[in-house]
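These notes concern the structure reproduced below.
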Amino acid sequence: LVGRMLLLTRDHHIRGSRAIKSPIQGVDEAAIANFSQGSMPAGALTGIAHYLSTSKKIIQFSSGAEPKPGDRVVYVDGAFDLFHTGHIEFFKRARELGDYLLVGVHDDQTVNAIKGGNFPVMNLQERVLGALQCRYVDEVIIGAPYSVTKDVLEDVYHVDVVVHGASDRPIDIDGRDPYDLPKQLGIYREVEHPCLGLTTTAIIERIIANRHVYIERQARKAKKALAEAEAEQREKEVKAACHL
């Protein structure tokens with residue numbers, strides 16, 4: 001994940017029809033201008049890992065719970081990238097407003113169109129698993145629309161409350177308020193939590209600020225791995241010579 005952030009790769013995204021080129025929202029472009037070039041060529045022992053998900057894996061993470069008659073269903077949505085304590089606190093507060101928490105996770109192209117750069121750092125499957133493993137989440141809509149629609153409110157379950165974080169004022173690509181419908185219906189709520197200032201962008205800014213430390217560490221790891229491989233090869237050669 002750190003490699004994706006620093007090298008600004010987007011090949012981990014699950015491809016769709018929509019893409020947009022723009023700077024990372026909230027991050028200084030000058031600070032990342034040469035990041036895509038990398039610090040050194042990727043070797044056999046270094047590189048960027050890709051997670052492969054399956055339907056079985058998603059089922060293993062899902063609770064399988066259904067809302068009971070009379071349960072109050074709460075809906076929240078977002079990218080939920082680099083799943084962190086801010087997301088957990090938000091889910092906890094949202095869950096307290098009802099009995100069943102339904103989470104909408106936006107697809108990669110939607111998140112990238114809104115935030116730009118190489119966001120999301122984690123692809124849709126990874127972000128879905130991140131949300132599902134949280135104890136406060138009951139069900140996830142995979143690839144939920146950025147603007148809350150009638151289908152979201154009625155087709156999966158009847159949603160009683162739509163919740164969003166109090167500090168964020170998102171706008172859809174077309175400039176509309178994505179929560180216009182639930183506001184009209186009087187079911188929109190905002191919640192405060194102690195980690196409102198912790199965002200994916202803030203985490204990336206910290207990592208960018210410590211990029212050189214990361215590069216030096218990776219260089220040491222690569223050098224150590226190469227030395228170990230060479231030592232192992234020499235040991236094999238010595239053993240082979242002793243058996244002659």
Residue in segment 178-193 that is modelled with the lowest pLDDT, counting only those that are outside any strand (DSSP E or B) and crowded, with 17+ Cβ neighbours inside 10 Å: 193
Reported set for segment 73-124 where residues are within 13 Å of residue 200 (Cβ to Cβ) and in contact with a helix residue (DSSP H, G or I) (Cβ under 6 Å, 6 or more places away or on another chain) is 79, 80, 81, 82, 83, 119, 120, 121
If residue 206 passes every condition in (1) farther than 30 Å from residue 152 by Cα; (2) open to solvent by less than 80 Å² (accessible area, probe 1.4 Å); (3) under 20 Å from the mean Cα position of the chain (by Cα); (4) not hydroxyl-bearing (Ser, Thr, Tyr) but one, which one does it miss? (2)
Residue 213: open to solvent by 30 Å² or more (accessible area, probe 1.4 Å) and part of a helix (DSSP H, G or I), yes or no? yes
Unique match (being touching a Phe, Trp or Tyr at 6+ places or on another chain (Cβ under 8 Å), without any contact (Cβ under 8 Å) to a residue 40 or more places away in the chain and either hydroxyl-bearing (Ser, Thr, Tyr) or under 27 Å from residue 69 (Cα atoms) (or both)) among 137, 105, 111, 152: 105
Restricting segment 166-177 to residues that are of a type outside the set (Lys, Arg) and under 20 Å from residue 110 (Cα atoms), which is surrounded by the fewest Cβ atoms within 10 Å (Cβ to Cβ)? 175
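The values are calculated or read from the model by the stated rules, or taken from the named source; none is laboratory data. Being a predicted model, the structure only gives us computed values, none of them experimental. Quick reminder, even Gly has a Cβ in these numbers, built from the backbone with ideal geometry, and neighbours come from all protein chains shown. Side chains are part of the model used for accessible areas, which takes the heavy atoms of the whole protein and leaves out ligands, DNA and RNA. Shrake-Rupley method; radii C 1.70, N 1.55, O 1.52, S 1.80 Å.
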